[in-house]
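Trainee: Right, I'll just put the structure down here and ask away after.
Any read-out appearing in this document is the output of simple, stated calculations on the displayed coordinates, not a laboratory observation. If you're wondering where the values come from, they're calculated on a predicted model, not measured in any experiment. Here the Cβ is made from the backbone with ideal geometry for all residues, glycine too, and neighbour counts use every protein chain on show.
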Amino acid sequence: MKTAKINRPTPALGGILTTTPPLIAEGQLYPEFAGHAKIRELFDLSRTHLHRLCTTGKIRSVCLRERGKARGRRLYEVQSVRNYLIANVETEVTHD
């Protein structure tokens, strides 16, 4: 079984190996739409819960499906999930 040969520059052959630092975006960038795995990562909501919220119209989603296909990819609008959570925040009442 052959292994793939990787061409790397080597100092012995006059090549210089340089890397660039990763780009870091300013602030937090969130996607406009995300799949259930990303929504779970951001807000800890299960796929079942997302489906229930979507079917009751509490959050928005879109299904990307090709014509004639039985299955597609459902993406959820991140801002609608955020708005739903903000609308359901319980405010703490203090008694003097």
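Trainee: What nm value, rounded to one decimal, do you get for the distance between Lys38 and Thr55 when each label is placed 7 Å out toward the C-beta?
Mentor: Rounded to a tenth, the inter-label distance reads 2.5 nm.
Trainee: Would you grab the residues whose amide H sits under 5 Å from the one on Ile59? Only those 5+ places off in sequence or on another chain, please, with H modelled 1.01 Å from N.
Mentor: Amide H neighbours of Ile59, under 5 Å, 5+ apart: Cys54.
Trainee: Pull up all non-local amide H partners of Leu45: gap of 5 or more, or a different chain, and H-to-H distance under 5 Å with H placed in the peptide plane.
Mentor: Arg40
Trainee: What does the highest-first list of 48-55, 74-81 look like by mean Cβ count within 10 Å?
Mentor: By packing density, highest mean first, the sequence is 74-81, 48-55.
Trainee: Starting from the Cα of Thr48, step 7 Å along the direction of its Cβ; do the same at Ile86; then give the gap between the two resulting points in nm.
Mentor: Distance between the two pseudo-spin positions: 3.0 nm.
Trainee: Another question, then. Return the FRET efficiency for the residue pair Arg71, Tyr30: r is the Cβ-Cβ distance, R0 is 22 Å, and the value is rounded to the nearest 0.05.
Mentor: Approximately 0.25, to the nearest 0.05.
Trainee: Whose amide H sits under 5 Å from the amide H of Phe33, counting only residues 5 or more places off or on another chain, with H placed in the peptide plane?
Mentor: Excluding prolines and chain starts, which carry no amide H, the hits are Val78.
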